[in-house]
1. As an exercise: evaluate residue 119 against (1) assigned to a strand (DSSP E or B); (2) surrounded by 15 or more Cβ atoms within 10 Å (Cβ to Cβ) and give the number of the one condition it does not meet.
2. Considering only the range 63-79, I want to know if a residue exists there that is without any contact (Cβ under 8 Å) to a residue 60 or more places away in the chain and farther than 23 Å from residue 36 by Cβ.
3. Mind counting the residues in the range 45-67 that are among the hydrophobic types (A, V, I, L, M, F, W, C) and out of contact with any Gly (no Cβ under 8 Å at 6 or more places or on another chain)?
Amino acid sequence: MEDSRNANVPTSHLVPELHLRSVPTALIEALKTRFAERCSTALVVREQHGRDESSFEAPPPAAVVFAESTQDVSDAVKLASQYSVPVIPFGVGTSLEGHLLAVQGGISIDLSHMNQVLAINAEDLTVTVQPGVTRKQLNEAVKSTGLFFPIDPGADATLGVITEVTVKLYPLPEAVMVATCAFGSLADAVNTTIQIILNPAVGRARVGCWRRVRVRRDNAAG
């Protein structure tokens, strides 16, 4: 039976609004002069960097810059700022929120080539990495220390236009468990999850990111 609480819910506010800004030819020329073959305007490359795992649609960015250093990122951002053009960071394209879509046009900065683990400080429980390092790669690099990075930001994402970040590590747990829960409605699932997260008894066992919790709606309920 269909749950009436979820019926006829408007979804228009979930669709991103497109307010495309023009990207001057002078900017594209300046980027190509600075980055040569590491600045691409090929449609297939732009389309790859203009979509993620969400269902939202938007035109692709005007160009894609493949950064390999902090200086690369700095130069690309400065040029875009000079022409008032939006900049969109790109990691591996696994986001579900549509935040890498060029809803205002602009250029994409691909950070996947900046994928070095710079320093592991096991005594301080920290590790310093470049933005292109994925969660799996990070945990592989530190596993010999008996530590791990527990937070899953969504598949193997990066978090923004950063060129270096130091993150906190934790001792490896003795066991890892995954559970699938069935709820009568989406509202029930959200409320239950919030109660668990806010429960002080959960403590350090609290899951770092709930995006991996699988919620199955029980159509036979209520």
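The values are calculated or read from the model by the stated rules, or taken from the named source; none is laboratory data. Being a predicted model, the structure only gives us computed values, none of them experimental. Note that we place each Cβ from the backbone using ideal geometry, even for glycine, and neighbour counts take in every protein chain shown.
1. Of the numbered conditions (1) assigned to a strand (DSSP E or B); (2) surrounded by 15 or more Cβ atoms within 10 Å (Cβ to Cβ), the odd one out for residue 119 is (2).
2. For the range 63-79, residues without any contact (Cβ under 8 Å) to a residue 60 or more places away in the chain and farther than 23 Å from residue 36 by Cβ: absent.
3. Step one: of the range 45-67, the residues among the hydrophobic types (A, V, I, L, M, F, W, C) are 45, 56, 58, 62-67.
Next, only the ones that are out of contact with any Gly (no Cβ under 8 Å at 6 or more places or on another chain) stay: 45, 63-67.
The total comes to 6.
For (1) loosely packed, with under 13 Cβ neighbours inside 10 Å; (2) at pLDDT 75 or above, each residue gets a yes or a no:
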residue: 170; (1), (2): no, yes
residue: 183; (1), (2): no, yes
residue: 199; (1), (2): yes, no
residue: 204; (1), (2): yes, no
residue: 210; (1), (2): no, no
residue: 222; (1), (2): yes, no
